[in-house]
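Following: one structure in structure tokens, then a few remarks.
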Amino acid sequence: MDLPTLDLQILNAWFKAAKLALDTAASVKTLLPSGPRRDEIAVKVAEAETALSASNAMLAQGLGFRLCKCTFPPQVMLYRHAAHHDVCPACGYKVRRLPRQDQTA
């Protein structure tokens, strides 16, 4: 998948906006009185967070990032240049990149 930089900036902005909306909904939920309606909203917010994380992982995989399956949805592994490893931010699992795969940015 080869997306132009502008498209990546737009997608990044969308993910940030979606995350902000979910965070806002989660904080508003705490203002509601306890009861079934509040519980229902909590479930919907959790489902939306999972869907956003899954779509983020799918996009990252399409862009060539490795995924760690320590959680669901999978964690996007980030490259640590000094160590030449892709590292999972959740569990710390490391995968060494071969020198031919290294790309300096």
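The values are calculated or read from the model by the stated rules, or taken from the named source; none is laboratory data. Since the model is a prediction, treat every value here as computed from it, not as a measurement. Cβ sites come from the backbone with ideal geometry, for glycine too, and all protein chains shown count toward neighbours. For the accessible areas, the whole protein counts, side chains as well, though only heavy atoms, and no ligand, DNA or RNA atoms are used. Shrake-Rupley method; radii C 1.70, N 1.55, O 1.52, S 1.80 Å.
Values computed for the structure shown
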quantity: Pairs with Cβ under 7 Å, 6+ apart, first in region 56-78 and touching a residue at least 12 places away in the same chain (Cβ under 8 Å), second of a type in the set (Gly, Ala, Ser) and surrounded by 17 or more Cβ atoms within 10 Å (Cβ to Cβ); calculated: Pro73/Ser53; Pro73/Ala57; Pro74/Ala57; Val76/Ala57; Val76/Ala60
quantity: Conditions (1) over 21 Å from Ala18 (Cα atoms); (2) at pLDDT below 90; (3) under 19 Å from the mean Cα position of the chain (by Cα); (4) open to solvent by 70 Å² or more (accessible area, probe 1.4 Å); number of the one not met by Gln103; calculated: (3)
quantity: Residues (open to solvent by less than 70 Å² (accessible area, probe 1.4 Å) and of a type in the set (S, T, N, Q)) located in region 15-31; calculated: Thr24, Ser27
quantity: Of all residues in region 82-99 being of a type in the set (Lys, Arg) and open to solvent by 60 Å² or more (accessible area, probe 1.4 Å), the one that is nearest to Leu67 (Cα to Cα); calculated: Lys94
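For every residue, the table says whether it meets (1) in contact (Cβ under 8 Å) with a residue 40 or more places away in the chain; (2) within 23 Å of Pro74 (Cβ to Cβ).
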site	(1), (2)
Phe15	yes, yes
Leu20	no, yes
Ala26	no, yes
Glu40	no, no
Ala54	no, yes
